[in-house]
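Written out below as structure tokens is the structure these notes cover.
The values are calculated or read from the model by the stated rules, or taken from the named source; none is laboratory data. Computed from a predicted structure; not experimentally measured. Cβ coordinates were reconstructed from backbone atoms using ideal geometry, including for glycine residues, and neighbour counts include every protein chain displayed.
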Amino acid sequence: MAEQFSTDWDVEKYYDDTEPEEHWELRKAFMEVHKDKFPEDYLVALAKAFTNIEFLGCIYPAPLMVRIAELSKDVAKQYREVKMTKLQRTFVSGSNAAEQKRASRKSGPRKT
């Protein structure tokens, strides 16, 4: 027998005005897609873990990572495609930047 739980709760009540809009929209979509599959409190926790993984790079125990990967396949598809086309930041350590600057000064001014 399948577990019975309420599905008439409002996803919007979990909106956090300190959360970036992009994060909320993805978390909201995750909850709406899976609202009929899990109890409210469990789904809210799964959705938060999902956005933590997507946006913050968090890592959880393997069974949870597998479950969220399965549940997020379709939900995050569009977000992941857009993310791939965005400019990626590259960080350079201060020591590397200083070394490159010093090397460019040693080589002298550029001739045009």
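Can you tell me which residues in segment 41-68 are farther than 19 Å from R80 by Cβ, out of contact with any helix residue (DSSP H, G or I) (no Cβ under 9 Å at 6 or more places or on another chain) and assigned to a helix (DSSP H, G or I)?
Result: D41, Y42, A45, A62, P63.
Determine the pairs where a residue that is within 18 Å of E70 (Cα to Cα), located within segment 18-43, has a partner that is outside any loop (DSSP other than H, G, I, E, B) and of a type in the set (S, T, N, Q) with Cβ atoms under 7 Å apart, the partner being 6 or more residues away or on another chain.
Pairs found: L26/T51; R27/T51; F30/S72.
Would you mind stating whether A47 is at pLDDT 95 or above and either out of contact with any strand residue (DSSP E or B) (no Cβ under 9 Å at 6 or more places or on another chain) or not polar (S, T, N, Q) (or both)?
Taking the combined requirement at face value, the residue satisfies it.
Of all residues being surrounded by fewer than 10 Cβ atoms within 10 Å (Cβ to Cβ) and at pLDDT 75 or above in segment 86-100, which is nearest to E32 (Cα to Cα)? Just the residue, please.
Going through the qualifying residues, I end up with G94.
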